[in-house]
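J.: Pasting a structure here, questions to come.
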Amino acid sequence: MQLEGILINEMQLGNQLSLCVAQNRRNDFSILLSMLSKDALDFSQFHLPQSEEKNLDNKDTNLRLSLGAGVAQKLAPEEFNMLIGESNAKIIQKHGLEQFRLINCLSPEPLAIRDDLTHIHSQIIDNCELSVRKRIQPNDIQLSQNQMNAVDFYNQLQEPQLHEPLTLLQA
């Protein structure tokens, strides 16, 4: 078995590896594998053939009209609106679930409530490591806290009303 040139990736071998396995030639198989490059970027799956980009006129609106599809659903509203759920609840309460589905099909709601590319949800930040959190939020927000007056606090603890048992009011 002879190879032409320098062996870099498995595409140069063709079906030699599979033939070695099928014919139970372990020595040839191990030699071929050892001759391959150790760098993962040289593997053939990272060097796919590039196709030319065709500049087709497939605008979204033309495609939707030709297929008879409805209006595109927005990813996020232009304005931040937390009252979407409240208005949906009113529609369902007054007109029922079928009317709500019809309204949602005719004018679909945005998938998210916020159109801010820099916003990262707090649950995601909470799941990150501390070093990542510090990089994402470099400046801790300093809350303006009034200094506690310790004398008044201790004086309030000495008041007898604080130590009386709680009573439940009967209505």
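J.: Filter segment 22-52 down to the residues that are of a type in the set (A, V, I, L, M) and loosely packed, with under 12 Cβ neighbours inside 10 Å, then identify the one that is modelled with the highest pLDDT. Break it down stepwise before answering.
T.: If we filter segment 22-52 for residues that are of a type in the set (A, V, I, L, M), which is where we start, we get 22, 31-33, 35-36, 40-41, 48.
Still in the running and loosely packed, with under 12 Cβ neighbours inside 10 Å: 22, 40-41, 48.
Details: 22: 92, 40: 73, 41: 72, 48: 71.
Filtering segment 22-52 for residues that are of a type in the set (A, V, I, L, M) and loosely packed, with under 12 Cβ neighbours inside 10 Å, the one modelled with the highest pLDDT comes out as 22.
J.: Would you be able to say whether some residue in segment 80-102 is of a type in the set (Lys, Arg) and exposed (fewer than 10 other Cβ atoms within 10 Å of the Cβ)? Break it down into steps so the answer makes sense when it comes.
T.: Of segment 80-102, the ones of a type in the set (Lys, Arg) are 90, 94, 101.
Remaining after also requiring exposed (fewer than 10 other Cβ atoms within 10 Å of the Cβ): 94.
Yes, segment 80-102 contains a residue that is of a type in the set (Lys, Arg) and exposed (fewer than 10 other Cβ atoms within 10 Å of the Cβ).
J.: How do the pairs read when you match residues in segment 95-112 that are closer than 24 Å to residue 79 by Cβ with residues anywhere that are surrounded by 12 or more Cβ atoms within 10 Å (Cβ to Cβ), using Cβ under 6 Å and keeping only pairs 6 or more apart or on different chains?
T.: Hits for this filter: 100/91; 100/92; 110/74; 110/76; 110/77; 112/76.
J.: What is the one condition in (1) outside any helix (DSSP H, G or I); (2) surrounded by 10 or more Cβ atoms within 10 Å (Cβ to Cβ) that residue 118 does not satisfy?
T.: (2)
The values are calculated or read from the model by the stated rules, or taken from the named source; none is laboratory data. All of these numbers come straight from a predicted model, not from anything done at the bench. With ideal geometry, Cβ positions are generated from the backbone for all residues, glycine too; neighbour counts draw on all protein chains shown.
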